[in-house]
Amino acid sequence: MGIADRIAREELSALEAQGLLRSLETQTSAPGAEIALPGGERLINFSSNDYLGLAAHPAVGEALSRAAARWGSGASASRLVCGDFVPHHELENALARFESGEAAVLFGSGYAANCGLLPAFVGRDQDVILSDALNHASLVDGCRLSRARVEVYSHCDPEALADSLRRARVSGARRILVATDTVFSMDGDVAPLREIAALCEREGAILAVDEAHATGVLGPRGAGLAAELGLESSVDLRMGTLSKAVGVFGAYVVCSRACRELLVNRARSLVFSTALPPAIAEAALVALALLSGAEGEARRARLRRSIDRLASGMRKLGLSASGATPIFPVVLGAPEEALRAAAMLRAKGLYVRPIRPPTVPAGSSRLRIALSAAHDDEHIDRLLAALREL
Ligand SMILES: Cc1ncc(COP(=O)(O)O)c(C=O)c1O
């Protein structure tokens, strides 16, 4: 066996000893509130980000088939070479309208968007990024790739951010960029965006937000937290994903026309990566129309009822539950505790994946329960009954 194989075995043994080994689990059914695993195991799924239940919506699937027949299966090159197609522009225009922005630009995924976005605006020459302590890994990696000085401020703490902004100014920073998730993926809490935007405006800092878990869920027509708070023009760069509530794949940044042009020129994950297949863009356009129309409203109302039912049930059990978003963490501590709890729920037919470091900080391994509009009251009540036993 080669040297890489030996290293892999050593690393895997170390992960296993710490309770941090992960493995893939293959589903044999389409995404949904109920899923099937090999061997016929059927489970109620509380782990997906398909918040509105659109990932297997027939109209979106049919649009994808039609679009693949028209546009083929792949984009064949980067947008800047020969991978730029009409559906990309139609989707970008629709996304800009959806989020009341001037322009939008597509990326292959949310991870790619964050990795390309930050380095396009800040670099190593006296630039500073201020990043929330619980930002998603893709923002963390975007910070690293930018080579700017990164200062992490306490989670959702505007006072800590104000201190960091002052320090950055005094240190003579050329450009300052503040980066935050709007809904935090593993805690389900919501950033104090009004305060953050006011601080950025006062200090002349760029504000970049990641609305991955807010798109489709919060705000008018599901346009996100910035839209909910009327902060569309105060947030310079709004990243959203097409892979969660929209139920398809890919991501986008809503911004000014000039920012869009800079991203097309400078975002390395756009310049040096094959474009999103145009058929995917066309399917996302159909999903976006559903999400922002009457069907989206009905699904958000259904989701809201489930959130309220679960939050009040959890509080009755003495568990904390903010009910602000469809994401409910049950923090247990050690990785083994999270593994044990997930196995117990699974034995009762409930699929709640354990979340361990490095996805969450050490000592805060947890169950992350995520609700979808596809869940009904019986699903929620079965979960509550199992949590009671847990
Ligand atoms: C907050 C946040 N940002 C970005 C991403 C990455 O998005 P994508 O899955 O489209 O790469 C995720 C999740 O995957 C996320 O939770």
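The values are calculated or read from the model by the stated rules, or taken from the named source; none is laboratory data. Here the structure is a predicted model, which means the values were calculated and not measured. Heads up, the Cβs are rebuilt from the backbone with ideal geometry, glycines too, and the neighbour counts pull from every protein chain shown. When the accessible area is computed, the model is the full protein with side chains, heavy atoms only, and any ligands, DNA or RNA have been set aside. Shrake-Rupley method; radii C 1.70, N 1.55, O 1.52, S 1.80 Å.
Within region 35-48, does at least one residue satisfy the condition of being at positive phi, assigned by TED's automatic domain parsing to the domain that holds P335 and loosely packed, with under 14 Cβ neighbours inside 10 Å? Yes, region 35-48 has at least one match. For L12, state whether it is of a type in the set (A, V, I, L, M), assigned to a helix (DSSP H, G or I) and within 24 Å of the chain's Cα centre (by Cα). Against the criterion (of a type in the set (A, V, I, L, M), assigned to a helix (DSSP H, G or I) and within 24 Å of the chain's Cα centre (by Cα)), L12 does not qualify.
Can you find a residue in region 117-128 that is free of Cβ contacts under 8 Å to residues at least 60 places away in the same chain, acidic (D, E) and part of a helix (DSSP H, G or I)? There is no residue in region 117-128 that is free of Cβ contacts under 8 Å to residues at least 60 places away in the same chain, acidic (D, E) and part of a helix (DSSP H, G or I). Mind checking which residues of region 347-365 are surrounded by fewer than 17 Cβ atoms within 10 Å (Cβ to Cβ), touching a residue at least 12 places away in the same chain (Cβ under 8 Å) and under 19 Å from H379 (Cβ atoms)? Selection gives K348, G349.
Any idea which residue in region 129-154 is nearest to the ligand (Cβ to nearest atom), counting only those that are within 19 Å of R268 (Cα to Cα), open to solvent by less than 50 Å² (accessible area, probe 1.4 Å) and not in a helix (DSSP H, G or I)?
I129
Among the residues making up region 268-325, those that are open to solvent by 10 Å² or more (accessible area, probe 1.4 Å), part of a helix (DSSP H, G or I), under 21 Å from A223 (Cβ atoms) and of a type in the set (G, A, S) are A289, S292, A294, A298, A301. Check V105 against each of (1) farther than 20 Å from A245 by Cα; (2) touching a Lys or Arg at 6+ places or on another chain (Cβ under 8 Å); (3) assigned to a strand (DSSP E or B) and name the one condition it does not meet. Single failed check for V105: (1). For the residues I327, I280, the requirement of being under 22 Å from the mean Cα position of the chain (by Cα) and under 30 Å from Q18 (Cβ atoms) singles out I327.
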